[in-house]
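The values are calculated or read from the model by the stated rules, or taken from the named source; none is laboratory data. Not measured: the values here are computed from a predicted model. Cβ placement follows ideal geometry from the backbone for every residue including glycine, while neighbour counts extend to all protein chains displayed.
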Amino acid sequence: MICMFRFETAGESHGECLVATVTGMPAGVPVSIAAIDRDLWRRQQGFGRGGRMKIETDRAHIVSGVRHSKTIGSPIAIVIENKDWKNWSDVLPVEEIEGGGQKKPVTRPRPGHADLAGAIKYDFEDARYILERASARETTARVAVGGIAKALLRELGIEVLSHVIQVGPERLGRAASWEELVELSKRDEVLLGCVDAEAEQRMKAVVDEVYRTGDTVGGVFEVVAHGCPAGLGSHIAWDTRLDGKLAQAIVSMQAVKGVEVGFAADGAASFGSKVQDTIHYQREERRFTRGANRAGGLEGGMTNGQDVVVRGLLKPISTLRRPLESVDLKTREPALAAYERSDVAVVPAAGVIGEAMVAIVLAGAAIEKFGGDSLKEMKRNFEGYLEQVKNF
């Protein structure tokens, strides 16, 4: 299957820069670098982030595919500088330097990270190169790409936002409204990305505890796409189902070990009569409505016109200040795992990355359905489809 909308990222955690390329974006989409930079800033926020966030001030530098603040239909390339590179240029040079340069080998692989599996797969004597690419620093580029995808979706009336619903054992005990998510996204100070102040303080107490003990903690973030029309995605084949694409996109994020579409866990413990979203019709508005949104806006691999709701289950970060048991790759003797400067809690940041991944998948689905080489052509197709839906 040919994907019309595609992105790739390149770069290492401590390399000179991160690079992202985007192909398949129609011409004429308004792009705001300030909006992309805002999401990059949001990704860096949250109680529990590590020292790297004090070094980097992420900014998107678009070098192709956008002119006069609009896409031009050609591939888009984005560069994000790593300011920490100046401290690593002798450790990770592109060409071998005389004397071998400075070495920072990783020979004590960290449980839960890509270190050991990657070193075995690529036949490296240490896991430094594996760590550099497997690092969640790579998601900075994904967030920048997500900003491009959000720009397209916004033209179709679709917005994507996130919030944190759980940190460790502490959970938000109620549903959040779309208006609360909008207000949350506007905050200039981010604690843990929860819409409820009391629940957020309980979550903060958990992070305080892991700070004291040298541990790390995971959690759950929720991404909501508001304004999606019915009919994105398809039921006809396994790889066209939109819920499958969204699940893959979320689980592709570093440290995410599970995904939930809608209220899947609750549904699995309930009876069918309590789970399905009843169907109703408003004659005056000529539209179908639902009694609830337990399906998370997706049925049969297609959007059904309700908010798309996807959750990511994030395991605790693998790098602990109190290292776990491991084995030295050189000596094969027992050893404590390596320590690299890291975070203790990243759930709010993961939510912003999740927004980007959901936006990328939905933008791809919109381009597949409505087509068009220009935004004007695409919107004409989109508006014609909305009229078709209204007259159904």
Would you tally the residues in the range 248-275 being of a type in the set (Gly, Ala, Ser) and touching a residue at least 60 places away in the same chain (Cβ under 8 Å)? 3
Of all helices (runs of 4 or more DSSP H) fully inside the range 258-375, the set with 2 or more residues that are of a type in the set (Val, Ile, Thr) and in contact with a strand residue (DSSP E or B) (Cβ under 9 Å, 6 or more places away or on another chain) is 347-370
Log entry, pairs with first residue in the range 198-213 being touching a residue at least 24 places away in the same chain (Cβ under 8 Å) and closer than 14 Å to GLY46 by Cα, second being surrounded by 13 or more Cβ atoms within 10 Å (Cβ to Cβ) and of a type in the set (S, T, N, Q), beta carbons closer than 9 Å, six or more apart or on different chains, reads MET203/GLN166
Would you confirm, using the coordinates I've provided, whether ARG59 is closer than 30 Å to VAL210 by Cα and free of Cβ contacts under 8 Å to residues at least 40 places away in the same chain? no
So which of VAL167, VAL160 is surrounded by 21 or more Cβ atoms within 10 Å (Cβ to Cβ), under 30 Å from GLY73 (Cβ atoms), touching a Gly at 6+ places or on another chain (Cβ under 9 Å) and not acidic (Asp, Glu)? VAL160
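Has the range 237-250 got at least one residue that is farther than 23 Å from ARG311 by Cβ and at pLDDT below 95?
Filtering the range 237-250 for residues farther than 23 Å from ARG311 by Cβ gives 237.
Going one step further and asking which of them are at pLDDT below 95, we end up with none.
Scanning the range 237-250, I find no residue that is farther than 23 Å from ARG311 by Cβ and at pLDDT below 95, so the answer is no.
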